[in-house]
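Please read the structure below before turning to the comments.
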Protein chains: 2
Amino acid sequence: MELWYTEFQTKGVGITCKTKKTYHTEKTQFQEMALIETEQFGRMLVLDGTVQTTIEDEFVYHEMITHVPLFTHNNPKKALVVGGGDGGAIREILKHPSIEKAVLCEIDGRVVELCREYLPEISCALSDSRADVQIADGIKYVQEHKNEFDVIMVDSTDPVGPAVGLFAVDFYRAIYESLKEDGIFVAQTESPFFHKELIKGVYRDVKSVFPIARLYTCAIPTYPSGYWSFTMGSKKYDPIETDTSKIPELDTKYYCADVHKAAFALPRFAAELVK
Amino acid sequence: MELWYTEFQTKGVGITCKTKKTYHTEKTQFQEMALIETEQFGRMLVLDGTVQTTIEDEFVYHEMITHVPLFTHNNPKKALVVGGGDGGAIREILKHPSIEKAVLCEIDGRVVELCREYLPEISCALSDSRADVQIADGIKYVQEHKNEFDVIMVDSTDPVGPAVGLFAVDFYRAIYESLKEDGIFVAQTESPFFHKELIKGVYRDVKSVFPIARLYTCAIPTYPSGYWSFTMGSKKYDPIETDTSKIPELDTKYYCADVHKAAFALPRFAAELVK
């Protein structure tokens with residue numbers, strides 16, 4: 001007997017994955033959660049029917065949401081991840097020797113607990129002494145911490161359910177206040193093929209708050225269309241002017257100095273979204 | 001009632017598309033063929049159960065298999081497409097004013113006929129006076145035309161069935177002979193996520209025949225993993241040294257001067273495949 005897990009990514013297209021085992025399913029205070037074993041991508045975290053991360057391809061997302069802003073910044077010491085309960089972003093942040101503290105602010109404590117149990121390769125760094133795990137509302141946390149962070153990453157689910165408020169201009173304004181005077185903000189902003197209006201809207205909002213706004217992309221097989229975007233708002237540093245010759249070799253599988261620059265070279269249809 | 005077309009791209013993962021209509025199905029001398037209407041991607045050509053091209057995302061593949069080698073070359077006049085019966089590569093080639101002749105050599109005449117009928121947006125340029133459509137075996141055609149082409153593109157199906165011979169070192173040697181002294185060859189070479197051994201093997205073979213070998217990539221939603229590769233063999237011009245400031249604006253949706261350079265900036269796991 002074969003079992004397949006299918007995510008309908010839009011009304012007209014889905015990804016279907018052969019599954020070998022279901023480790024855990026649960027309805028938390030905030031969402032439905034599942035941890036399954038897939039043949040192609042290994043263990044997979046699913047929230048509200050949407051693939052969040054998998055053992056096989058998580059490296060792309062976690063490296064690209066972190067290293068791009070961290071190497072754009074001159075000397076990041078304090079970082080905040082809003083969402084990202086799997087801990088993958090924290091793991092990547094802590095590869096930077098300059099980082100003194102990396103705060104994870106995840107609204108759903110059960111996501112963190114499940115990932116600690118079933119995805120140790122991803123959540124491992126949450127026990128690092130520089131990691132500070134807060135189970136709290138990210139919007140409130142940001143509002144209550146002014147002028148504190150060098151880099152803030154919004155590692156959210158799709159803009160439905162608990163994550164809606166994380167795609168709002170008021171939140172971007174609060175993030176601006178929570179960053180230091182040369183701070184940088186990045187949010188995951190869905191697929192340039194499937195979510196054009198969302199990207200346009202977020203970019204317009206970020207640009208209304210930050211002097212520098214940039215869109216960059218990468219390839220993630222388990223996310224809709226396989227092609228994903230991040231929107232950056234920066235107070236001072238422009239990521240396309242990063243001196244990439246100074247980027248040291250990190251232990252990464254996707255990000256490198258060449259990729260830092262190339263990620264901002266948008267295909268014409270994607271460049272059109274942020275004109 | 002909902003109808004969905006599912007392609008199992010590997011043993012463990014598939015793409016599923018909501019379909020609105022089946023225009024045509026047929027078993028030709030070479031393969032099974034279907035032309036369907038999908039909700040997400042519009043009309044879609046399927047050969048032997050594998051998505052070949054769709055109205056919505058064909059632009060990526062056709063622009064990237066053509067403009068990258070054509071702008072790497074100094075002054076391409078004569079181009080050959082092996083496979084590519086949909087005509088999309090020919091359409092892009094003919095956007096270059098220097099091109100005097102673009103030969104399409106497709107083994108299955110029924111593919112060309114079906115695409116002329118159902119995919120006119122893609123096949124339109126096959127009626128251009130500079131296009132020369134040959135229904136013939138591409139391997140034989142290449143063997144019989146020596147020292148003739150500036151650029152040869154192998155726009156093949158996956159390396160099973162009729163396309164197996166198009167992924168062989170003997171064929172790359174014949175292509176080398178069929179190119180002029182500064183000629184360039186490009187082949188589609190599958191997904192860096194799912195087809196690592198294939199990419200390694202093709203790159204090794206191409207490098208054994210051509211002085212310059214390069215891998216480049218792009219994002220194609222309907223192809224396995226959404227991330228696709230092309231392998232280039234070049235006698236003289238190195239694509240990463242192309243003076244992209246001289247690339248004129250073409251009528252494209254993906255390719256542009258920035259993308260030309262960025263496509264060769266490989267994520268580390270992909271760079272490892274061609275080390």
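Brief remarks on what is shown
- Condition met for B:GLN143 (buried (at least 21 other Cβ atoms within 10 Å of the Cβ) and among the polar types (S, T, N, Q)): no
- Restricting segment A:32-42 to residues that are open to solvent by less than 50 Å² (accessible area, probe 1.4 Å) and out of contact with any Pro (no Cβ under 9 Å at 6 or more places or on another chain), the residue that is nearest to the other protein chains (Cβ to nearest Cβ): A:THR38
- Inside segment B:115-132, residues that are among the hydrophobic types (A, V, I, L, M, F, W, C) and surrounded by fewer than 19 Cβ atoms within 10 Å (Cβ to Cβ) make up a count of 1.
- So A:PHE59, is it open to solvent by 10 Å² or more (accessible area, probe 1.4 Å), out of contact with any helix residue (DSSP H, G or I) (no Cβ under 7 Å at 6 or more places or on another chain) and of a type in the set (Phe, Trp, Tyr): yes
- Just one of the listed residues (B:VAL154, B:VAL111) is within 17 Å of the chain's Cα centre (by Cα) and part of a helix (DSSP H, G or I), namely B:VAL111.
- Test: residue in segment B:4-26 that is open to solvent by less than 50 Å² (accessible area, probe 1.4 Å), of a type in the set (Ser, Thr, Tyr) and closer than 14 Å to B:VAL111 by Cα: no
- Just so you know, in segment B:220-251 the residues that are more than 16 Å from the chain's Cα centre (by Cα) and closer than 13 Å to B:HIS67 by Cβ include one that is surrounded by the most Cβ atoms within 10 Å (Cβ to Cβ), and it is B:PRO239.
- Any hit, segment A:45-55, residues being open to solvent by 10 Å² or more (accessible area, probe 1.4 Å), touching a strand residue (DSSP E or B) at 6+ places or on another chain (Cβ under 8 Å) and more than 22 Å from A:ASP108 (Cβ to Cβ): no
- Candidates A:PHE185, A:PHE193 - the one that is within 29 Å of B:TYR254 (Cβ to Cβ), within 14 Å of chain B (Cβ to nearest Cβ) and touching a helix residue (DSSP H, G or I) at 6+ places or on another chain (Cβ under 6 Å): A:PHE193
- Selection status of A:VAL209, surrounded by fewer than 21 Cβ atoms within 10 Å (Cβ to Cβ), at pLDDT 95 or above and farther than 22 Å from A:TYR141 by Cα: no
- Residue in segment B:134-149 that is part of a helix (DSSP H, G or I), of a type in the set (Gly, Ala, Ser) and not assigned by TED's automatic domain parsing to the domain that holds B:PHE41 present: yes
- The set of residues from segment B:1-31 being without any contact (Cβ under 8 Å) to a residue 60 or more places away in the chain, more than 8 Å from chain A (Cβ to nearest Cβ) and among the polar types (S, T, N, Q) comprises B:THR19, B:THR22, B:THR25.
- Cβ-Cβ contacts under 7 Å between residues 6 or more apart (or on different chains), taken from a first residue in segment B:259-273 that is in the same structural domain as B:GLU197 (by TED's automatic domain parsing) to a second residue that is assigned to a loop (DSSP other than H, G, I, E, B) and charged (D, E, K, R), are listed as B:ARG268/A:LYS253; B:PHE269/A:LYS253.
The values are calculated or read from the model by the stated rules, or taken from the named source; none is laboratory data. None of the values given here were measured: they were computed from a predicted structure. Ideal geometry is used to build each Cβ from the backbone, glycine not excepted, and the neighbour counts take in all protein chains shown. Only protein heavy atoms, including side chains, enter the accessible area calculation; ligands, DNA and RNA are left aside. Shrake-Rupley method; radii C 1.70, N 1.55, O 1.52, S 1.80 Å.
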